[in-house]
Amino acid sequence: MAVGKSVKRIDAVAKVTGRARYTEDFFEPDMLTAKYVRSTIAHGRVTAVNTDKARQIEGVEAVFTYEDVPQTTFATAGHPMALSEVHKDVEDRLLLTRDVRFMGDEIAIVVARNELAASEAAGLVEVEYETYDPLIDPEDILAQDARPIHEGRSNIVGEHNYTFGGDVDQAFDQADHVVEGRFATAMVQHCQLENHIAHAYMDDLDKIVIVSSTQIPHIARRIVGEALGMPLSRIRVIKPFLGGGFGNKQDVVLEPMVAFLTLKLNGRAVQINMTREECMLCTRNRHPFYIDVKTGVMNDGTLVARDMDAISITGAYASHGHAIAAAGGSKQSSLYPKAATRFHARTLYANIPVAGAMRAYGTPQVIYALECATEDAARKIGMDPVEFRLKNVARQGDINLLSNKEILSCGLVECLERGRDFIDWNRKKKDYEQFKTGPIRKGLGVACLSYASGTYPVCVEIAGSRIALNQDGTVHVLVGATEIGQGSDTVVAQMVAQTLSFPYEDVLVVQAQDTDVTPFDTGAYASRQAYVVSNAVFKAANQLRDRILAHAGIMTDEDPKHLDIVNARIVDNRTSEAVMDMKTLAIDSFYHKERGGQLTAEISYKTTTNAPVFGCTFVDVTVDIPLCKITVNQIINVHDSGVIINPVQAAGQVHGGAFMGLGAALSEEFLIDPESGYVYNNNLLDYKFPTFTDVPPLNHDFVETFEPTSGYGNKALGEPPVVSPPPAIRNAVLDATGICINTLPMSPHTLFSAFKSHGFLDGKGGQHV
Amino acid sequence: MFNIETHIKAGSVQEAISLLMENPNARLIAGGTDVLIKLREGKPAFRHLVDIHGLAELNGIEKLPDNTLVIGSGTTFTQAIESDIIQTHIPILTDAAGSVGGPQIRNVATIGGNICNGVTSADSASPLFSLNALLSLQGPDGTRHLPIADFYKGPGRVDLGPGEILTAIRIRPEDYEQAFGYYYKYAMRNAMDIATIGCAVCLKTSGGTLTDYRLAFGVAGPVPIRCREAEKAVKGHPLTPALLEKIAATVVRDVNPRTSWRASKEFRLNIITELSKRATKKALTRAGEELS
Ligand SMILES: Cc1cc2nc3c(=O)[nH]c(=O)nc-3n(C[C@H](O)[C@H](O)[C@H](O)COP(=O)(O)OP(=O)(O)OC[C@H]3O[C@@H](n4cnc5c(N)ncnc54)[C@H](O)[C@@H]3O)c2cc1C
């Protein structure tokens, strides 16, 4: 039984010994380096570019500007192609631009024999601009006379409305209390370990090979084709080991450019290897949201109505654009399915860096506001926040009124109960009564989440798997599922081992993705990978199992129905006796002159379900008022993600997610000058991503349900852990101080303003606590 | 990739001085943790380097027969943390060294580089201010000793003449014996961060009163500073809770923090007053005193 065990990761040894080869470890002879020339203003239009000085630098091979690139706009979002107009991505990007939309926009590119020459030359490209006022504040962006950031398009990238659960206005009218709040979240970044990097070359003069650190090799191939106007089959994308993505590489950032450059340079290899500063400023990050929430509640604790109005800022280019707000909003219906709910969201362009996909895709913003508002409602009626949630959250058998699907597995109530016990809620609630005054205060907080296991029915959910029996009795597995560090290859091996009844070690997953070779799958995003691939793998493994048994039947002259595979041996299921080992069978299938063949199975499967997952965070905090600091003393995330296929890897996802959630809650934000659009802190010194010393020990627990729509009972887990820590911490700070801090991050600066406006601190060094 | 034009490894302090005199564009590199950052940013000032990393003459921590402590400028923060002499006599420097960057940085970054880099946030600077440290500066014309407070000229500017090298930092016995100190670093992270405010306290007590009090801050002005007003106001003060309030009330007159995108002046002032109290309290605890 391989599923449910913490088997060793397939790539563990390769990674810890440094042997695993990442994109940067592959090079081609005479590979050139390219450096972008980036705008130094946030909004305007280039009036002149002079590349003469740059071209004179020794080692410079070429300089291209916006005049040299194809003039067809393309969309960069890593979505499967949408056949319907409604879900089509916004095509608003060119390889290089004359119209400047954020500080760092790509105007020209220098290709040189080494990095120093490329950087020096890029600095010598002279650019003149006509400048416009940067549009950064939502009010300015939405003003009647605001300049369209993309000519011919509205500054509103997308807008939608939905309601479910009955008449919302009527529900508010009948509510005993209506609680309102306004919330804001910051632009934060993935900070994945490996920066964006890609290179491309042509192995003949017909085909472009791109080696890239991407979450979406097959989608990247299609988009490069669209950007360059080339048939998809002339493009090949190879994805080696990846140092993380978190959604930042669910977007096509460098691939079209390196492909363009090699095409222009007769197939010579060209690499773009972004610096951390570039990666932070010029790839993607999380959409900041401004959200108004109204909650209607009855005296008995029933949540009856909810109204949410959100503005999401996508920055200079649409990227994933409005899909983010839509996806985030849709998670409410599986969390609180009974309240009459209305959601309205608008997504806006702005002259700031580009937001795209980031772990949990709009949900952290929406659930943050939702779970703060839920806390405020519970407090309004004087009900314990855990009891309040227990009364209102989803249970198995509830209908998700947005999708009209029954919730087939749900362990949220048990998650809340286990979290409450772990944190010792009832005892500490009493103990902390004495810490509600004075400079040092203590409090407890809770927040829930729900999430999805993929993107269906908005996008196609397709996965492919090919399994082949080797001559030594092991199997090789090819999947389109993309290993990006999350451990996907390992759980695929566990699934195959489980169904074939092979030892885990005998299942070998082909590591690198190559779009010429691997089956089609859209990639690693939406926490879909293990859920969506599970069905394809389950079916392929069963198919291969049948073929192995059929061959065993031929070899032994037995009816295959009397045969079984047990631990990689053919067994007579009447006597439980071993008939032969897998190698004997394999050799026969390969080399017998008349019978057999290479035994393989291949499945491409579309999943048309989308299981909701659930979870919650409990925290215990201390707030130091004079120093404006929050210390998280204890934190636990409890998740219902169905069957946990690999507990250690699952714990890794939860800890990593909680870590990111803590950063978003307490310290991370892009500091953008409101006048100029300049980003002050696109580096890891000034962008306060937590270090290990800033994060308390992370705890986790799983309530294992069985999800019937999945091959192995498993549901999504990759993204959910990031969602609930920020609202849980905000609620604990409220518990400790009595102050609602409705802006993320709750950094010392945010706390200082809040404490000052509440009279705790006077801003001149004095305290009144 | 760094744009380095010349890089010469010096075999001795004398040789380093000569190399600096020969090439006026040359700059010293010790641990390189500031220099390489500047080179990476493309700053042309560091393209010619004289390397003093690992010079034995600059390394070592010792106590002289007259009890003066001498810390070689090439001492790394890790060496400082692990030094018995520092732990025993001036643990305030252990506090400061332990707060720098992360383990990798502390293994290479030197105390001399920290001081000579000239920034107000340098974690070893304010503790050395509170210890009245003397800097030994060796140049073509010999060696001079300068109080650290006179070394800082302005942001990023220090009193180093042509060819001059900081060889050692000296702490005199009267400045550390029977004195107790504490360094409190306030930053946005517990590691890998520069101080928003750094607060160093060194004090002596006797018979229930404060007999010596030295308070220094980093990032409370363009260079590290001593708080002479607050020091004067509380020398001889009885060890009562009112002492802390007095310090907090006076210290605002000594400091001159500014608003930057990293933090507002108001925020920094708030932290300065609070740290002056907390660091003093910690130093008193080390002195075995309690406020009553
Ligand atoms: C990731 C990271 C984290 C950091 N965290 C901190 C922190 O928390 N606190 C902190 O204070 N600093 C921090 N720093 C800054 C830096 O590490 C320190 O300032 C360090 O002490 C510099 O020492 P160095 O030996 O590396 O100096 P170098 O970079 O070699 O030199 C710095 C400057 O001093 C000059 N110089 C060096 N030695 C001498 C000498 N003997 N005589 C005359 N001039 C000399 C050099 O010419 C140069 O101008 C950090 C740096 C990094 C990269």
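Under a crude label model (7 Å from the Cα following the beta-carbon direction), how far is B:H7 from B:T211 in nanometres?
About 5.3 nm separates the two model spin labels.
Note down the net charge around B:K38, summing +1 for each Lys or Arg and -1 for each Asp or Glu among other residues with Cβ under 14 Å from its Cβ.
Summing Lys and Arg as +1 and Asp and Glu as -1 gives +2.
Direction-averaged shadow area of the convex hull around the Cα atoms of the stretch A:691-741, nm²?
Quarter of the Cα hull surface area: 5.7 nm².
Sequence neighbours fewer than 8 away in the same chain don't count; with that in mind, list the lysines whose C-alpha is under 17 Å from A:K430.
A:K442
Calculate the spin-label point distance for A:I587 paired with A:K8, positioning each point 7 Å from the Cα along the beta-carbon direction, and give it in nanometres.
Rounded to a tenth, the inter-label distance reads 2.8 nm.
Counting other Cβ atoms within 10 Å, keep those with at most 14, restrict to DSSP loop, and tell me which chymotrypsin sites (Phe, Trp or Tyr not before Pro) in the stretch A:632-700 are left.
On the way: sites: A:F659, A:F670, A:Y678, A:Y680, A:Y687, A:F692; in loops: A:F670, A:Y678, A:Y680, A:Y687.
Of the chymotrypsin sites (Phe, Trp or Tyr not before Pro), the ones in loops of the stretch A:632-700 whose Cβ has at most 14 other Cβ atoms within 10 Å are A:Y680.
For peptide B:256-268, how many partner chain Cβ atoms fall within 10 Å of a residue's Cβ, on average?
3
To two decimal places, what compactness ratio does the stretch A:392-536 give when its Cα radius of gyration is scaled by 2.2 N^0.38 Å?
For the stretch A:392-536, the normalised Cα radius of gyration comes out at 1.52.
Which aspartates and glutamates does A:K264 reach when only Cα atoms under 12 Å apart count, and residues fewer than 8 places away in its own chain are ignored?
Excluding near neighbours in sequence, the set is A:E61, A:D68.
Taking 7 Å along the Cα-to-C-beta vector as the label spot, tell me the B:N256-A:M230 distance in nanometres, rounded to one decimal.
Simple spin-label model gives 6.1 nm for this pair.
Mind checking the alpha-carbon convex hull of the stretch A:407-480 and giving the volume per residue in Å³?
It comes to 249 Å³ per residue, whole-number rounded.
For the stretch B:142-292, taking Cα atoms only, what is the radius of gyration to one decimal and the Dmax to the nearest whole Å?
Looking at the stretch B:142-292, its Cα Rg and Dmax stand at 16.4, 53 Å.
Gap in Å between the Cα centre of the stretch B:184-244 and the Cα centre of the stretch B:258-292?
Distance between centres, Cα-based: 7 Å.
For A:E255, B:E15, give me the order by solvent-accessible area with a 1.4 Å probe, most accessible first, ignoring ligands, DNA and RNA.
Descending accessible area places them as B:E15, A:E255.
Interface A/B, total buried accessible area with a 1.4 Å probe, nearest 100 Å²?
2600
Quick one: what do you get for the stretch A:462-606 if you divide its Cα Rg by 2.2 N^0.38 Å?
1.06
Based on the alpha-carbon set only, what is the convex hull volume of the stretch A:658-769 divided per residue, in Å³?
Normalising the Cα hull of the stretch A:658-769 by residue number yields 187 Å³.
What value does the stretch A:272-341 have for Rg/Rh, both radii from Cα atoms and Rh as Kirkwood defines it?
1.18
In whole Hz, what ³J(HN,Hα) sequence does the stretch A:182-189 give by Karplus (6.51, -1.76, 1.60; θ = phi - 60°), x for Gly and Pro?
10, 10, 9, 10, 8, 7, 10, 10
Of all the Cα-Cα pairs you can form in the stretch B:1-95, what percent are over 19 Å apart?
Values: 2280 of 4465 pairs.
Tail fraction, whole percent: 51.
At 25 °C and 0.890 mPa s, grab the translational diffusion coefficient of chain B from Stokes-Einstein with a Kirkwood Rh over Cα pairs, rounded to a whole number in µm² per second.
So the translational diffusion coefficient is about 126 µm²/s.
Tell me the net charge near A:Q494. Cut-off is 15 Å between Cβ atoms, A:Q494 excluded, with +1 for each Lys or Arg and -1 for each Asp or Glu.
Values: positive: A:K5, A:K8, A:R9; negative: A:D11, A:E483, A:D489, A:E505, A:D506.
It works out to a net charge of -2.
Equivalent-ellipsoid semi-axes (√(5λ), Cα gyration tensor) for the protein assembly as shown, whole Å, largest first?
Numbers: eigenvalues 540, 285, 192 Å².
With the √(5λ) rule applied to the protein assembly as shown, the semi-axes are 52, 38, 31 Å.
Within the set of other residues whose C-beta is less than 13 Å from the C-beta of A:A369, count the net charge using Lys and Arg as +1 and Asp and Glu as -1.
Net local charge, A:A369 excluded: -2.
What fraction of the Cα pairs in the stretch B:62-172, stated in percent, has a spacing above 18 angstrom? Can you show the working numbers first?
On the way: 2745 of 6105 pairs.
Everything past 18 Å amounts to 45 percent.
Please give the per residue accessible area of the stretch A:462-606, computed with a probe of 1.4 Å over protein heavy atoms only, in Å².
Computed with neighbouring chains in place, this is 39 Å² per residue.
For the pairs A:K629/A:K688; A:K429/A:K715; A:K756/B:K265, note any where the Cα-Cα span goes beyond 22 Å.
Listed pairs above 22 Å: A:K429/A:K715.
Where does the stretch B:6-48 land on Rg(C-alpha)/(2.2 N^0.38 Å)? Please report the intermediate quantities before stating the final value.
Details: Rg = 10.6 Å, N = 43, 2.2 N^0.38 = 9.2 Å.
Normalised Cα radius of gyration, the stretch B:6-48: 1.16.
From zero outward in steps of 10 Å, how is the percent of C-alpha pairs of the stretch A:269-392 spread across the bins?
Here the calculated profile for the stretch A:269-392 is 13, 37, 25, 15, 7, 2, 0.
Taking the Cβ-Cβ separation of A:D68 and A:F422 as r and a Förster radius of 60 Å, what is the calculated FRET efficiency to the nearest 0.05?
Between A:D68 and A:F422 the formula returns 0.50.
Quote the relative contact order of chain A in percent (integer), defining contacts as alpha-carbon pairs under 8 Å separated by 6+ residues.
15
Carbon and sulfur together cover what percent of the accessible area of the stretch A:532-650 at a 1.4 Å probe radius?
Its accessible area is 47 percent carbon and sulfur atoms.
Hey, what D do you get for the stretch A:195-323 in µm²/s if you plug the Kirkwood alpha-carbon radius into Stokes-Einstein at 25 °C and 0.890 mPa s?
Rounded to a whole number, D works out at 144 µm²/s.
Treat the stretch A:602-645 as a sphere of radius equal to its Kirkwood radius over Cα pairs and apply Stokes-Einstein at 37 °C in a medium of 0.692 mPa s; give the translational diffusion coefficient in µm²/s, rounded to a whole number.
227
So which of A:K380/B:K277; A:K8/B:K38; A:K294/A:K428 end up more than 32 Å apart by C-alpha?
On the way: A:K380/B:K277 39 Å; A:K8/B:K38 42 Å; A:K294/A:K428 30 Å.
From the list (A:K380/B:K277; A:K8/B:K38; A:K294/A:K428), the Cα-Cα distance tops 32 Å for A:K380/B:K277; A:K8/B:K38.
Could you tell me what a quarter of the Cα convex hull surface of the stretch A:202-275 works out to, in nm² with one decimal place?
Averaging across all directions leaves 4.7 nm² for the Cα convex hull.
Cα to Cα, under 20 Å, and not fewer than 8 places away if on the same chain: which aspartates and glutamates meet these conditions relative to B:K9?
Leaving aside aspartates and glutamates fewer than 8 places away in the same chain, those within reach of B:K9 are B:E22, B:D34, B:D51, B:E57, B:E164.
The values are calculated or read from the model by the stated rules, or taken from the named source; none is laboratory data. Just so we're clear, the structure is a prediction, and the values are computed from it rather than from any experiment. Note that we place each Cβ from the backbone using ideal geometry, even for glycine, and neighbour counts take in every protein chain shown. Just the protein is used for accessible areas: all its heavy atoms, side chains included, with ligands, DNA and RNA removed. Shrake-Rupley method; radii C 1.70, N 1.55, O 1.52, S 1.80 Å.
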